[in-house]
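Worksheet for the structure shown next.
Read-outs throughout are calculated quantities, based only on the coordinates presented, and are distinct from any laboratory measurement. This one's a predicted model, so the numbers in the text were calculated from it and none came from an experiment. Methodologically, a virtual Cβ is constructed for each residue, glycine included, from the backbone with ideal geometry; neighbour enumeration extends over all protein chains shown.
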Amino acid sequence: MTKKMLILFVLLFTLLLVACGGQADGGDTGDELDHTVDCGEVEPGDLADLGGQEIFMAVENAYPPFNYLDDSGVGIGWDYDMGRALCEMLNCEPVFMEAAWDGIFPAMAAGEYDVLFDGVTYLTERDETVDFSCAYVVIGQVLLVQAGEARFSSPEEFADNEDLVTSTQISTTNETVSHDLVGVDRTTSFEDFGLAVQALISGDVDAVVTDTVTALGFIGENPGQLEINSYITSDEQLALVFQPGSELVEAFTNALHQMAKDGSLEAMNDKWFNP
């Protein structure tokens, strides 16, 4: 089996876990994942009618394939398509707002946005300050490297070579995984993943710790320059984030349940996560 085929096989296996309601057996990220209800596990409730309400949706515009700007500066990605699809179902008007990742959870808790997209991993510690929808996909984390990298082929080999360093995004689960793998001193954290990937391409770091979906997004954005080297974890659930106590949680979760039931959630995930 070639490396490309192996990558596609593992990604497909990971994505199938959502439909099956299970999780892959992955590495320990240091956080207990107990939000086990995926969007396909239960029957949808009645869809709400939000009466044309504007829903302010936070995105980074620097996190392909979830959200990024095309060559003309227009925001595209899973988040944009999903935000519009959900509002079409719920009779609301999506208003996408660019937001820096660092500090986004306090901003959500303070009511600056109605819903945060941006490929957010569910963590129990985050659930203490914000609310989550059901999980719309399960992902893993990987070492993204320059194409042709031959110095290591596993996280263990990478960690054993003290000359090697990673890059990642600040205040993410990816940063936590990188710290667990190689320590703080061998991790360089950036404001967004675009900067982390540029550090890899320029040779300033040896790998980027990111998730499977985003790694494939950056591989597509940089043809022939990047590849997935190895998998670190495979059991992180992504969900939408809301203000604590928001009535939108039930409305959006019911809509996601409906999309899971009718197959449109799988189609959306296939379009952006497995092109």
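Please determine, in degrees from 0 to 90 and to the nearest 10, the orientation of helix 78-90 with respect to the longest principal axis defined by the Cα atoms of the chain, where the helix direction is its Cα long axis. Tilt of helix 78-90: around 10 degrees. The value of relative contact order for region 140-235, using C-alpha pairs under 8 Å at least six residues apart, is 49 percent. Across region 166-239, the volume of the C-alpha convex hull divided among the residues equals 92 Å³ per residue. Beta bridges per DSSP, both residues in the chain: antiparallel share near 60 percent. As a ratio to 2.2 N^0.38 Å, the alpha-carbon radius of gyration computed for the chain takes the value 0.97. What the pair-distance distribution of region 224-275 shows, using all Cα-Cα distances binned every 10 Å from zero, is 18, 35, 30, 15, 2 percent.
Which residue, chosen from LEU69, SER153, GLY111, occupies the Cα position most advanced towards the positive end of the dipole of the chain, where the dipole is computed from +1 (Lys, Arg) and -1 (Asp, Glu) charges on Cβ about the Cα centre? Value computed over the given set: SER153.
Our compactness index for region 61-195, the C-alpha radius of gyration over the empirical 2.2 N^0.38 Å, is 1.21.
A simple charge model with +1 on the Cβ of Lys and Arg, -1 on the Cβ of Asp and Glu and nothing else charged puts the dipole of region 140-235 at about 180 debye relative to its Cα centre. When DSSP beta bridges are restricted to pairs lying wholly in region 140-235, around 60% turn out antiparallel.
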